[in-house]
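No value in this document is a laboratory result; all are computed from the given coordinates. From a predicted model like this one, the values you see are computed outputs, not experimental measurements. Cβ atoms come from the backbone with ideal geometry, glycine included; neighbour counts cover every protein chain shown.
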């Protein structure tokens, strides 16, 4: 999608006192500091409708606007609504759709698309993500419709009282019916990739304790379908744990592959190539699906359960592994 649009951001009390340049460079890191300075000086960024210098000091409730021509990668916009009520909703995010704005994705995101859909239906309040999923991970996302519900729901995720269950298709055959993977997750210092993590033998100052329970649902000749129950909530926890035991996700571009393979993928995308990287992977995205969530209702305080069926790309891949089985 290519179009000219105006992106706006209202300054809160926490950002008051910062310069315009500092605010943009720290908050929106998809542009370098030098790039933001050039954009401000060229008039592409305004403050309360006026052009100002980069070091202009911001005040609470100031409105920063950025004029940009969007050239966003294509995404799957087929968002399903599983549950909808006054204070919150439960959506099912497809794979290949970012949860929120990041990098080249501004409007082609779960929360933007959903907000526009509800605005057209007459909803006047603001929708807010309660939690997030990786761009390629499909499944359940909780979205709040008002402040009180947002606080109660996010607190549950922060406290670890939300029960989560994922479905994953992994590389290789799995012999155990159930097992756990734990340890400290931290930066892989032997990798060129800054975001790559690994399970460490010993605790380090930057590592975090982690634990995931896995249950085998079905095993095939070269793959297996697992139920994944994270007991802690570390970034990329399931992917890192699976990689650590030699069963990385089918379609994973980072884990289970060499640094050079991942860097090749990055060069491919930056050159305008298809983000699904066809021909190099088993599937267009990694096979991880947020299948089930159990949490406390923000109003009734009763435990409620939400479940998202396996998406089509999951079932199609499973059928290629076993034509005799029905999913």
Discussion item. Using Cα-Cα distances under 8 Å and only pairs 6 or more residues apart, what relative contact order does the chain have, in percent?
Written reply: 14
Response to the item:
Percent relative contact order for the range 70-145, counting Cα pairs under 8 Å at least six residues apart, stands at 35
Practice prompt. Return one number: the angle in degrees, 0 to 90 and rounded to the nearest 10, between the long axis of the Cα atoms of helix 110-120 and the longest principal axis of the Cα atoms of the chain.
Written response: 60
Practice prompt. Working from Cα positions, state the angle (0 to 90°, nearest 10) between the long axis of helix 147-159 and the longest principal axis of the chain.
Written response: 40
Worksheet entry | Entry for Rg and Dmax of the Cα atoms in Å (calculated from the structure that is shown) out of (i) 21.5, 67; (ii) 20.9, 72; (iii) 23.2, 77 | (i)
Practice prompt. Please determine, in degrees from 0 to 90 and to the nearest 10, the orientation of helix 312-321 with respect to the longest principal axis defined by the Cα atoms of the chain, where the helix direction is its Cα long axis.
Written response: 30
Discussion item. Whole angstrom only: what separates the Cα centroid of the range 210-241 from the Cα centroid of the range 251-314?
Written reply: 13
Item to complete: Would you mind classifying the range 166-288 by shape? Square roots of the alpha carbon gyration tensor eigenvalues, ordered a ≥ b ≥ c; an a/c under 1.5 is rounded, otherwise it is prolate if a/b is larger than b/c and oblate if not.
Response: oblate
Worksheet item: Among 112, 317, which comes first, second and so on when ranked by fewest other beta-carbon atoms within 10 Å?
Response: 112, 317
Item to complete: Would you mind pulling out the separation of the Cα centroids of the range 1-61 and the range 68-122, in Å?
Response: 24
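Once you have a ≥ b ≥ c as the square roots of the Cα gyration tensor eigenvalues for the range 184-234, tell me rounded if a/c is under 1.5, and otherwise prolate or oblate according to whether a/b is larger than b/c.
Cα axes put the range 184-234 in the oblate bin.
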Item to complete: Using Cα pairs closer than 8 Å and at least 6 residues apart in sequence, work out the relative contact order for the range 2-71, in percent.
Response: 52
